[in-house]
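Structure first, then comments.
What follows draws every value from the coordinates through simple rules; no lab data is involved. Here the structure is a predicted model, which is why all the values come from computation and not from measurement. Every residue, glycine as well, gets a Cβ built from its backbone with ideal geometry; the counts of neighbours run over all protein chains shown.
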Amino acid sequence: MMSTPLLNYPQTGILGMHNIVKRAVVIEDAIQIRPMMYVALSYDHRVVDGREAVSALVAMKERLEAPDRMLVDA
């Protein structure tokens, strides 16, 4: 279910999106079954600052959780 994506030269970063599985989670004091996916970001610390990498990963997570927010009204 989890792994760490490995960088290959000349990559400076790689996003690993793992399989989606159903897991029990607590939502508003109730146990519910929800699809969960692990997302991992590997990056070259000599090139990418950790703060920016984590901020980018959080932004990706938020967009994946609510794709309707990415839509633009025409």
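Here the spin labels are modelled as points 7 Å beyond Cα on the Cα-Cβ line, and at Asn8 and Asp49 they lie 3.1 nm apart.
Per residue, the chain reaches -7000 deg cm²/dmol at 222 nm when only DSSP H runs of four or more residues are counted, each adding -39500 (n - 2.57).
Other residues whose C-beta falls under 15 angstrom from the C-beta of Ile33 contribute a net charge of +2, scoring Lys and Arg +1 and Asp and Glu -1. Magnitude of the charge dipole for the chain, about its Cα centre and with charges confined to Cβ atoms of Lys, Arg (+1) and Asp, Glu (-1), is about 260 debye.
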